[in-house]
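Report on one structure; see the data block that follows.
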Amino acid sequence: MNLSETERIKFAIPSKGRLMEPTVELLKKAGFKFRAQGRNLYATCTNYDIVFIFVRADDIPVLVQAGVVDLGITGSDLVAERRADVATLLSLGYGQCRLCVAVKDDWKSDSLDSLKDMNIATSFPNMTEDFFKRHNVPVHCIEMNGSVEIMIALNLAHAIVDIVETGDSLRDNNLKVFKEIGSYETTLISSQDMAEDPRVIKIRRRIEGVLVANQYSMLEYNIHENRLKEAEKITPGFESPTISRLDSPGWYAIKVMVKKSEVVQVMDSLESIGATAIIETEIVNCRL
C-alpha cells in the first residue's frame, strides 16, 4: 500500500512501550477492527476508512503537525516537549505521569536556587529549559536518551528531569522528587486542518463513548412511589433516570447511569429507603 496515495485517514499510534497496549485496546473497544502484529508498520482498518501507522510515540506530535498523518495518540508530555502545533481532541484517561526534577536522597536544600548553574540531565530538554527559565534559575541542560537516573551516580549531572509514574525507579537509584514540573496523560491529537473533518469527529466520538462508558455503570432497581422522589435525589442520572411503571400497584422500575466510583454507596442508600432488585450492569460503550 502506498500510504501517500490512500484516501483513508492516517492514524499514528505507538509502536511499542507503555502506551501501545492500552491504545490498541481502546481503539478496538471503540469498534475499529484491525490487526496489530509483530513488526508491521501499518494495519488497515477493515470496517472504517483508516490506516493505523505504528511509530515511536515521541515522533507522533511531529508527524501530526506536519500533516504526514491526520490523527495520533501519544503522551501530552511529548506534545509539549516537541512544541507541536496540533489540535488536542481528547484526553484518554491512561498513561498518567508527572515530569519531575529529581535529586539525590541526601540533597539538603528544598530551594530551586540550589541548582543554579548545575548540570541537569534529561530527555526533555525543551520543557526543562522552559521550567528553569520561568523560575529565573540558570542551569546547564544535558540532553540524554533513555534512562537518565544513572547520570547522577556517574557525576555527569547534579539533578535529572524525567517522567515519574510510581517513583520506584527513583528509589532504586537513591533519588527523590525535588520539584514537579507538570502532570500529563495520553491524548488524541490531530493536525489543525483535520480537527473539524467529519470523519475525525466521528472517530473522536467513538473513542469518547468508550471513555465515558468506563466511568459509568447502569443501575436498575425497583422502588415504591412513596419513596420515588428520594430515589431520584440519590440517582439523578446523566440527565434524568428512565422510569417505568410495574404491574404491582405503586411500584416503579428505574434505570439510571451512576459513576462507577459511587455505585456501592448509591446501592447502600437505595436499599436504606426500600429499593429492591438493585442490579449493576457494565456499560461497554455509549454516546451522551
Of (1) 1.30; (2) 1.12; (3) 0.99, which is the value of Cα Rg over 2.2 N^0.38 Å derived from the coordinates here? (1)
List the residues, sorted by chain then number, that are 5 or more residues from residue 164 or on another chain and whose placed amide H is less than 5 Å from its amide H. 98, 99, 100
Going residue by residue through region 216-222, the Karplus relation 6.51 cos²θ - 1.76 cosθ + 1.60 with θ = phi - 60° gives ³J(HN,Hα) values, rounded to whole Hz and with x marking Gly or Pro, of 10, 10, 8, 10, 10, 7, 10
So for the chain, taking the charge dipole from beta-carbon charges (+1 Lys/Arg, -1 Asp/Glu), which of 203, 144, 47 sits furthest toward the positive end? 47
Spatial separation of Cα centroids for region 222-266 and region 39-90, in angstrom: 43
Per residue of region 152-169, what does 6.51 cos²θ - 1.76 cosθ + 1.60 with θ = phi - 60° give for ³J(HN,Hα)? Whole Hz please, x for Gly and Pro, Karplus curve as stated. 6, 4, 7, 6, 7, 9, 8, 8, 10, 10, 8, 6, 10, 9, 9, x, 4, 4
Using the charge dipole of the chain (Lys, Arg: +1 at Cβ; Asp, Glu: -1 at Cβ; taken about the Cα centre), state which of 132, 37, 266 has its Cα farthest towards the positive end. 37
Among the aspartates and glutamates, select those whose C-alpha is under 18 Å from the C-alpha of residue 28, and discard any that sit fewer than 8 residues away in the same chain. 49, 208, 282
Diffing region 111-118: the Karplus 3J(HN,Hα) column from phi (6.51, -1.76, 1.60, θ = phi - 60°), in whole Hz with x for Gly and Pro, holds 9, 5, 4, 5, 9, 4, 6, 8
Residue 89's amide H: which non-local residues (gap 5+, or another chain) put their own amide H closer than 5 Å, with H modeled 1.01 Å from N in plane and none for Pro or chain starts? 188, 189, 190
If you build a Gaussian network model of the chain, linking Cα atoms that sit under 10 Å apart, which residue out of 91, 111, 248 swings the most? 248
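Counting pairs of alpha carbon atoms under 8 Å apart in space and at least six apart in sequence, what relative contact order in percent does region 44-144 give? Can you show the working numbers first?
Numbers: 82 pairs, mean separation 19.5, N = 101.
After rounding, I find 19 percent.
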For a quick check, take a GNM of the chain with Cα springs below 10 Å and name the residue from 260, 233, 133 with the largest mean-square fluctuation. 233
Can you tell me which of 16-26, 212-222 comes out highest on packing, and rank the rest after it, using the mean Cβ neighbours within 10 Å? 212-222, 16-26
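What shape does region 97-183 have by the C-alpha gyration tensor, where a ≥ b ≥ c are the square roots of the eigenvalues, rounded means a/c under 1.5, and otherwise prolate means a/b greater than b/c and oblate the rest?
Rounded is the answer for region 97-183, as its axis ratio a/c remains below 1.5.
None of the figures in this text is laboratory data; all of them are computed from the coordinates on show. No experiment lies behind these values; they were computed from the predicted model shown. FYI the Cβ positions are ideal-geometry reconstructions off the backbone, even for glycines, and counts take in every protein chain you see.
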